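The values are calculated or read from the model by the stated rules, or taken from the named source; none is laboratory data. None of these values were measured; they are calculated from a predicted model. A quick note on method: Cβ atoms are made from the backbone with ideal geometry, for glycine too, and the neighbour counts reach across all protein chains shown.
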Amino acid sequence: MKKLFTIFIFSVIIIPLCVLKAESPKDPIAIAKKVIKEVTFKDGLEKESWIDLKASQTLSAESEVKTGTKSLAAILFTDGSGTITVRENSHLFIYGDKGDKKINNKNSFLDKGVIGFKVTKQKDDAFLISTPTAVASIRGSSGFVEFDDDSTFIFHLNDGSASVKLLIGDKAEQEIGEGYTIEVHPDGQIVYRAATSEEQTTFNDTMNLNNSKKLFINTPDGKVEIEYTE
Amino acid sequence: MKSFVTLIISFLLLSYSSVLSQSTTIELYVFDTSQLDLSAFLFDNNLSNQQRIMQVDIIPTGKKVVLEGIVSWKENLNSSFVEVATFKTNTFISRTFFNDEIGSSEILFAEKNSNSSVVDKIRTIGKPTGQVEIKIRVFDEKNTFLDDTYKTLTFENPAQTLEITSPFSGDELNPLDFQIAWNEVQGAEYYLVKANYKLNESQSDESALNSGTPVINNFNAGARLAINTSEPNVLQRELLEGSQLVIQVTAHINGTGGGSNLYSKIVPVTIQALTGSPGSGIQNNALNEINGFINNMVDILPNPIVNDLRNSIKEENAIPIFEVEDEDGNGKTLLEAANFIKQLKKDGKIISVKYLK
Amino acid sequence: MLLKKFLKIFLFVGFFFALSFENNIAQVNDYISNITISQQREGLPIHIKSDLRNTTSISELTLAYRSFGMNEYIKSEMLIVSDQAKVTIPSDRVKAPFMEYYIIITLSDGNISYYPSEFLDSETPLQISIEAPSPKDSEIIILTPEKGEKVNEKEFFVSLSLIGVPNNINPKATKLFLNDVDVSEYIVVAGDLIIFSGENNSGLIPIGNYLIKAEVYDSTGLLYHSVQTQFELISSSVAEAELSQFNYNGNIKGESRNENYNSSSIFYNNLTANFNGSYKDWSANAMIYLSSEEKNYLQPVNRFSFSMEKEDRFSLQAGDTYPRFPSLILDGKRVRGFNGSLDFGVFNIQAAAGETLRKIEGKLLDTYSSKDAPLESNVIRIDSLRYSNPFGRVDLGTFKRNIVAIRPSFGSRENFELGFSYLHSKDENSSIEFGARPQENLVFGSDLFVGIDNQRIVLSGEAAFSLINKDISGGSLTDTQIDSIFGAGSFIDIDPNDVKKVKDYLGKFITINQYIGPLNPQKFSSLAAEGALSLNYFSNNLKLSYIYRGNEFQSFGQNFLRTDVKGFNFSDRIRLLENQLFVSLGFELLSDNLQNTKIATTDYSTFSSSVSYFPRFNFPSITVGYYRFDNNNGLNILDPVYGNYAIDDISNRFTLNFGYRFTLEIPHSANLSFSTSSRDDNGFSNTDANYNSTNLQVNSTWASDLSSIFSASYYSSEIGLKNIDFFSLSIGGKYLLLENKLQLSAVFSPTFGDIERQAFDFIASYNVIKNLDLIFQARYYRIPGRSNSSIVGVTAQYNI
C-alpha cells in the first residue's frame, strides 16, 4: 500500500514537474545547420560535458562550440539574422537574450580560431562578434574574423559595413570599409589596410560550407569537374 | 760382413727412399677467380659442401703421404704476406683430389692453426681482398719433406658496383645509333648488355626488362666498356621509334658454381621518333600520357564519364587539349593528377563528378 | 509502423502534388486537354504541366510567358514525356499581380497551333494571378533549407523560426508539408523553433524537388499565416550515386606481328584481356596476357592476375602481382602468388607471398671422373650413380625462388606512419637437378613518415638490414660442426656457445652455415638506410635526402639497388610567374668504399639544372638544361702500383628545346631541340665521348582531315677515335577518311652519312564499329649492305 502511495506521489508530482521542465527549456537562440567531422558543443543550459554536435541541434545562449582539424560547423541564429561558420580548430561562445520577437545582444565570442559570418541587414541591434582584444559590430555584411594563438585579431570585411572597437590599448573604434582588413596586435597596435588576395581566398574558403574544392579536367569537348573535400 | 750387408741394405733403402722422395711431386691447381667467400678457407673435418677451388695432384699415387697447407694474406699491394692459417692432414694414400674432399673423405685434417687476429681483420673487411697465397707441402708418413708448391690468388675490389655511365636515365636517344657505356668492374670476365621495351608506364623497369624478346638480348661485350647499337649483332630487333626502352648491363665474375653476376641499375630511356607517324614523337607521347591517365580513371570516375573522356580525344588531329587544373588555375601533370584523384577516391573524398560540355 | 507511414507519404507525394494547391485549367483544344499550374506566389517557381492528346502529331511544345509590365514573352521549351509536357517558370520571374502565358504547339507536319486555340486570332494569353508577399512572411522564417538550396539527403532537416510571431500563436499547432504531404506529426518544437529532422526519416523522403509549406496557427486554432520555400533534395551526390553502382569495362586486344631482322624472321602473337568492375566501394580487376614469347626455358612472359579491393580497407591480388613495400625491401618485383593488405586506419598490415623466379632445369653437357674434372665454374658435382661419373659440365639452371614479405604499420600516413618490414626469400634446392648454390635472404626493415602542415613538411625515412646465405644446399651447421669450427684454437675465435645461441635464434629464419653473411655486420656492411626532408613552401619544392647502402646489403625483392654508396642529394623545384616558369636545381654527392674494400674511394658528384618557360600567350615555350657529372677516385693514372685503378671523368651535357605553335595560313606546331654532351675521361679506361644532336620538327594541319610532318635531324658522335655522323629527313602525312573512322598515315625517311638507311612507315587504323578498332602497321627498312628489315603487324582491339 505504502509502495503504491509512493508511486502515486511520484507520478502525480515528480513526473509532471519533469515534463514541465522538459517542456519549457530556455529557448534556443541558434541551430546547427551543417557539421563536418569533429565538432563538439556544451549547451548553455547544461555545461557539464562536451557532446558531439549534429546538424539540427539547437543551441541555447552561452553555448560553446569547438571544432577539430578539418572540421566545420555552420550555425544559424533563430531570428534569421545570420550564419556563422566555425572553421577548423576554433572555439566559439554564443550569447544572446531572447526578447520579444527578436534576440537581443547577439554576440559570438571567438576564443580561438577563425569564423566566417554572413549577416542580414540589422534593424536596431547590431550583430556582435567579439574576441578578448576587440569587438566587431556588424550591420549586415560578410567577412571573417580570426583570433590567433598569439592573440592577434584579424577582421576582414568582404561587403557591407561594420566597425571594430578595441578592448585593449586606447580602446579606439575603427569603421571598416568593404574589402578592408584590420589587424589588432596584442600590444594594441592597429593595422588597417586593404585586404590581400590571400585574405580574399580565406574568406571564400570560410564561406564554403561543403569544405569542398574542385579539380577540372579540360578536354576538347568540355571539362570534367571533380568536387572533393579536403 | 754382417755390418757391411746392413750398411748396403741401409744404403739401398736410403737411396731408394731418396729416389722415392725425389720422384714425389705435388701440383696445385687453383680456380681462376677474383671473388671468393671467406668460407673457402675454413678448414675443418666436419664441414660439408665446401667450395671447390683447389685441385691437388700428388705423383706418384698410391704412396702414404701427409699434406701441409699454409694460407698467407697480403692486404694490399704495399703490404707483405702474413700467415693466416695452417693445417696438416692425416696420412693418406697419395692421389688427385680437390680441397672439398679434405675433411669429407679419407683425407682428414689432423692439425689446424690460425692467426686469429688476422682472421678477425679479414672478417672485419667482410670478404677476401688483396692477395691470398696457398702453399702446399707434401711429406711422407715419417714426416720427411717430399715436395712443395704454391699459388697466389688476387682478389680485386670485391665490393664493386656497376653503373651505366651512358645513356642517362630519361635520355632521348637516336634510334639509329647510341652508345651504352659502363664503368669497369675489376675481375669481370665479360659484360652482358640487355635492353627491352617498356610497353606501358605502369610496368616496372625490372618487369619490362624481363618480359618477352629483348631488343638487345644479353649481348656479350667481352671486356669492353662500351658498345654502340649500330654495331652488328647488338640489336636483335629493329628499334621502334618513340618507344620506351630499359637497359641493364651485367658483369660476370668467374667463380665456383656458375660464378657471380653483378648487375647495374636499370636505366629507362626513350627512343626518338624521327620517322614515326606525323608528330608521333610529341603527339604519341602526349596521347599515350592521356590514354594512360584515362585508363587510370577507369575504376575511379563513372563509366559514362570515362567513355566521354575517351571520345573527347578520338577525333583530334593535333595534340588534344587535355589538362588538369585546380580552381585557381594551377596545372597538375597528368601523372600527378591521376595519383591525386586516385587518392581522393580511396579516401572517399569525391563529392561529385560532372561533365560540363 | 513509422516505416509504413512514410511509405504512404512516399506513395502519395506524387498524387497530392498534382491535386492540392493547383489550378486546373481546361480549354477546348485539339492537342492539350488540361493544364495544371502549381502554387502561384511571388518568388516561388511555377510548375506548369499539360496533358496532351494526339501526342503523335506533336513535335514540340513551347511555353511563352511574361510577367506584369513586360512586353516581350519569354519562351521556354516544354519537356514532353509520354502524354504530358512540363515546364517551370523560375522563381525570379514570378511577379505579382499576375503572369500571362500561352503555349505554342509545333506539329509534326510543320504547322503551328496554339493553346489557347484562339490565341492565333485574338492574341489574348491566359493569366495566372500571383499572390504578393505578406508582411507576415518575415515573421515566420524558414531557416533551413534555404530557398533553392540543393540539400544532401544525409544533411536534410527543416527548421522554422517563429521568433517574430505574436504571442497568441501556438507553435505546436504548426503544420508542415513537404510537397503537400503532411509531416506535422514528426516535427519537434524547441522554443521558437520548429524542426523536422531528415536524419530520423532518412531515405523515406525521396530525392527530388520539394516545396515546403508551413502553416502557423493561433491559439484558437485559426490559420495565422503560411510560408513556403522550395529546395531540392539530392542523394549524397547524383554522381556519387553513380559511382557507387556497378561499373565495369574491359577490353580485348590481339596482335600479330612479324619482325624480319638480319634475315631472321620471328612472329610475335599476343593477346591481352582486361576487365575492371566496381560496385559501391568494391572494385575488381582481372587481366590476362598471353604471348608466343612464353618459353619453358625462360622466366614467364605470360601474365595473369586477379585483384579485388575495398576502398582503402582491404585489397587482395592473386597471380602476377607487383607488391610495393618500402623501396629498399620489395618494390617493382613480379611475385607470382598473393599480395594483400588490410587497413584499419591506426593499424595496417600488408603481406605478399609467392614465386619470384620459376624453376628452369639446367642441362648436363658432359661428365667427368674425379681425376679429370676441371676446376671450372660450370663443372659441378652430379649424382654419380645416375650419371656414372661424379662431376658434370652443365648449363646451370635456375632454382625456384619463393618470397614472403610482411609489413605491419601504424598510422594512416596522413600525418604519421611507422612500419616494420620482414622479407624472407629462399631458393628451393630440390626444384632442379642441375643448379649451383641455391641462396637464401632475410631482410628486416623499418620506415617512418611524418607529415606536418598539410604535408608541406614531410620527413620520411627507411632502414633495412639484410642477411644472405650464398649456398644453402648443405643445410645448417650442426652443433658438432660449430664446436669444431669456432672457439680458441679453431679457425674462428668466437665462443661456440655464442654461435649456437645465434643459430638457435636466427636459424628459425635463415639457414646458418659457412656461407651466411655479412661477416662484418658491425661495420654496417648490410645496412641500407635513407632519410629525406621535403619542404613545400612559397612555390618551392625543396628536398634534402641522405642515403647509405652498405656493400653487402641485398634484398631479393630489390635486386638492382646500387650498393656501396652513401651521400647527399639536394633538389629544389621552383614555380614562378603563376606556374609559367619552372626552375629545377639538383646536386648530388655520393661516394663508395663504405667498408674500405676498395683501393680508393670514388666521389660521384652530379649537378643538374633546368629552366622551363611555358607562357600562357602565344610565344614559344623554352626549356634549357645543364648537367654535369664528375667521378673521381683521386688515384693518379701515372701511379706505378695503382695507376690502372684511376677513375677521373667529367661529363657535361647541355640541352635546349623550343616548342612553338603558330598559324601561318594554317596551324603549325614546331619543335626545335639541341643536345650536346661530352665526356672527358682521364682515368685508366679513357673512354672519351662526344655527342651532338639537332632536331627540327614541323607538324602542319592543312585541313581537319589532313596533316603533315617534316623533320630534319643531325647527329654526330665521337667515341674514342671513332666518329659517326649522319643526317635524317622525314616527310609524311596523315589523312582521315570515312568520317574520321579510317586513318592513314605514311612517312618516308632517308638517312645519309656514316649510317645509310631508308625507312618507310605505313599505318592504317580503322574504327570498324563503335568499340572495335583495327590497326595495320607496316615498316620497311632498307639498309645498304645489309639485309632489309621489316615489321608488319595487325592489331584488333575491342572495348566492352
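Collect the residues in region B:107-124 that are of a type in the set (Val, Ile, Thr), touching a helix residue (DSSP H, G or I) at 6+ places or on another chain (Cβ under 8 Å) and farther than 19 Å from B:Tyr29 by Cα, keeping them in residue-number order. If the condition is that a residue be of a type in the set (Val, Ile, Thr), touching a helix residue (DSSP H, G or I) at 6+ places or on another chain (Cβ under 8 Å) and farther than 19 Å from B:Tyr29 by Cα, then B:Ile122, B:Thr124 are the ones that fit.
Scanning region C:654-684 for residues that are free of Cβ contacts under 8 Å to residues at least 12 places away in the same chain and either outside any loop (DSSP other than H, G, I, E, B) or at negative phi (or both) yields C:Thr663, C:Leu664. Can you name the residue in region C:353-393 that is within 13 Å of chain B (Cβ to nearest Cβ) and of a type in the set (Phe, Trp, Tyr) and is also nearest to C:Asp320 (Cα to Cα) among such residues? The residue in question is C:Phe391.
Okay, residues lined up against (1) over 30 Å from the mean Cα position of the chain (by Cα); (2) not in a strand (DSSP E or B):
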{"position": "C:Arg407", "(1), (2)": "no, no"}
{"position": "C:Arg413", "(1), (2)": "no, yes"}
{"position": "C:Glu417", "(1), (2)": "no, no"}
{"position": "C:Tyr422", "(1), (2)": "no, no"}
{"position": "C:Phe434", "(1), (2)": "yes, yes"}
{"position": "C:Asn441", "(1), (2)": "yes, no"}
{"position": "C:Ser446", "(1), (2)": "no, no"}
{"position": "C:Val458", "(1), (2)": "no, no"}
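Listed residues B:Glu111, B:Glu83, B:Glu106; which is in a loop (DSSP other than H, G, I, E, B) and of a type in the set (D, E, K, R)? Selected residue: B:Glu106, the only one of B:Glu111, B:Glu83, B:Glu106 that is in a loop (DSSP other than H, G, I, E, B) and of a type in the set (D, E, K, R).
Screening C:Ser237 with (1) at pLDDT below 85; (2) among the polar types (S, T, N, Q); (3) crowded, with 18+ Cβ neighbours inside 10 Å; (4) in contact with a Lys or Arg (Cβ under 9 Å, 6 or more places away or on another chain) gives one miss only, at (4).
Screening the candidates B:Val65, B:Val84 for the property of being at pLDDT 90 or above, among the β-branched types (Val, Ile, Thr) and farther than 14 Å from B:Glu101 by Cα yields one hit, B:Val65. When you scan region C:737-753, how many residues do you find that are at pLDDT 80 or above and either facing chain B (nearest Cβ under 7 Å) or within 32 Å of the chain's Cα centre (by Cα) (or both)? Count: 7. Report yes if some residue within region B:303-318 is over 24 Å from C:Gln743 (Cβ atoms), at pLDDT below 75 and not aliphatic (A, V, I, L, M); otherwise report no. Scanning region B:303-318, I find at least one residue that is over 24 Å from C:Gln743 (Cβ atoms), at pLDDT below 75 and not aliphatic (A, V, I, L, M), so the answer is yes.
Every residue, every condition in (1) farther than 20 Å from B:Ala188 by Cβ; (2) within 26 Å of the chain's Cα centre (by Cα); (3) surrounded by fewer than 22 Cβ atoms within 10 Å (Cβ to Cβ); (4) of a type in the set (Val, Ile, Thr), yes or no:
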{"position": "B:Ser117", "(1), (2), (3), (4)": "yes, no, yes, no"}
{"position": "B:Arg123", "(1), (2), (3), (4)": "yes, yes, yes, no"}
{"position": "B:Val132", "(1), (2), (3), (4)": "no, yes, no, yes"}
{"position": "B:Phe139", "(1), (2), (3), (4)": "yes, no, yes, no"}
{"position": "B:Lys142", "(1), (2), (3), (4)": "yes, no, yes, no"}
{"position": "B:Tyr150", "(1), (2), (3), (4)": "yes, no, yes, no"}
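The criterion of being over 28 Å from the mean Cα position of the chain (by Cα) and more than 11 Å from chain B (Cβ to nearest Cβ) holds for C:Leu506.
Taking the listed residues C:Asp630, C:Asp639, C:Asp649, the one that is of a type in the set (D, E, K, R), in a strand (DSSP E or B) and more than 9 Å from every other protein chain (Cβ to nearest Cβ) is C:Asp630, with no other qualifying.
Looking across region C:371-424 at every residue that is small (Gly, Ala, Ser) and free of Cβ contacts under 8 Å to residues at least 60 places away in the same chain, the one that is farthest from B:Glu101 (Cα to Cα) is identified as C:Gly397. For C:Arg575, indicate whether it is within 11 Å of chain B (Cβ to nearest Cβ) and touching an Asp or Glu at 6+ places or on another chain (Cβ under 8 Å). Against the criterion (within 11 Å of chain B (Cβ to nearest Cβ) and touching an Asp or Glu at 6+ places or on another chain (Cβ under 8 Å)), C:Arg575 does not qualify. Taking the listed residues B:Glu184, B:Glu241, B:Glu201, the one that is more than 8 Å from chain C (Cβ to nearest Cβ) and either surrounded by fewer than 20 Cβ atoms within 10 Å (Cβ to Cβ) or modelled with pLDDT of 80 or more (or both) is B:Glu201, with no other qualifying. Only strands (runs of 3 or more DSSP E) whose full extent lies in region B:164-219 are considered here, and none of them has at least 2 residues that are in contact with a Gly (Cβ under 7 Å, 6 or more places away or on another chain) and free of Cβ contacts under 8 Å to residues at least 60 places away in the same chain.
Within region A:90-112, is even one residue in contact with a helix residue (DSSP H, G or I) (Cβ under 8 Å, 6 or more places away or on another chain) and either surrounded by fewer than 24 Cβ atoms within 10 Å (Cβ to Cβ) or not in a loop (DSSP other than H, G, I, E, B) (or both)? Taking every residue of region A:90-112 in turn, none turns out to be in contact with a helix residue (DSSP H, G or I) (Cβ under 8 Å, 6 or more places away or on another chain) and either surrounded by fewer than 24 Cβ atoms within 10 Å (Cβ to Cβ) or not in a loop (DSSP other than H, G, I, E, B) (or both). Against the list (1) surrounded by 20 or more Cβ atoms within 10 Å (Cβ to Cβ); (2) free of Cβ contacts under 8 Å to residues at least 60 places away in the same chain; (3) away from chain B (no Cβ under 13 Å), the condition C:Ile516 fails is (3).
Within region C:626-678, restricting attention to residues that are aromatic (Phe, Trp, Tyr) and under 30 Å from B:Ser79 (Cβ atoms), the residue that is nearest to the chain's Cα centre (by Cα) is C:Tyr645. With respect to the stated conditions, A:Lys37 is within 14 Å of another protein chain (Cβ to nearest Cβ) and either polar (S, T, N, Q) or surrounded by fewer than 23 Cβ atoms within 10 Å (Cβ to Cβ) (or both).
Among the residues of region B:320-331, those that are more than 13 Å from B:Glu289 (Cα to Cα) and within 12 Å of chain C (Cβ to nearest Cβ) comprise B:Glu325, B:Asp326, B:Asp328, B:Gly329, B:Asn330, B:Gly331. Among the residues of region C:549-600, those identified as of a type in the set (A, V, I, L, M, F, W, C) and under 30 Å from the mean Cα position of the chain (by Cα) are C:Phe556, C:Phe560, C:Leu561, C:Phe570, C:Ile574, C:Leu576, C:Leu577, C:Leu581, C:Phe582, C:Val583, C:Leu585, C:Phe587.
I need the full set of residues from region C:519-532 which are within 13 Å of chain B (Cβ to nearest Cβ) and outside any loop (DSSP other than H, G, I, E, B), in order please.
Hits for region C:519-532 are C:Pro521, C:Gln522, C:Lys523, C:Leu527.
Restricting the first member to region C:584-609 and to residues that are under 19 Å from B:Glu184 (Cα atoms) and away from chain B (no Cβ under 13 Å), and the second to residues that are in a strand (DSSP E or B) and acidic (Asp, Glu), the beta-carbon pairs closer than 9 Å and six or more apart or on different chains are C:Asp603/C:Asp630; C:Ser605/C:Glu588; C:Ser605/C:Asp630.
With the requirement that a residue be facing chain C (nearest Cβ under 7 Å) and modelled with pLDDT of 75 or more, what does region B:20-44 give you? B:Tyr29, B:Phe31, B:Ser39, B:Leu42, B:Phe43, B:Asp44 - these are the residues of region B:20-44 that are facing chain C (nearest Cβ under 7 Å) and modelled with pLDDT of 75 or more. Filtered by the rule that a residue be polar (S, T, N, Q) and assigned to a helix (DSSP H, G or I), region C:489-509 gives a lone residue, C:Asn497.
Among the residues here, C:Ile719 does not qualify as more than 9 Å from chain B (Cβ to nearest Cβ), at pLDDT below 85, more than 36 Å from the chain's Cα centre (by Cα) and closer than 20 Å to B:Thr229 by Cα.
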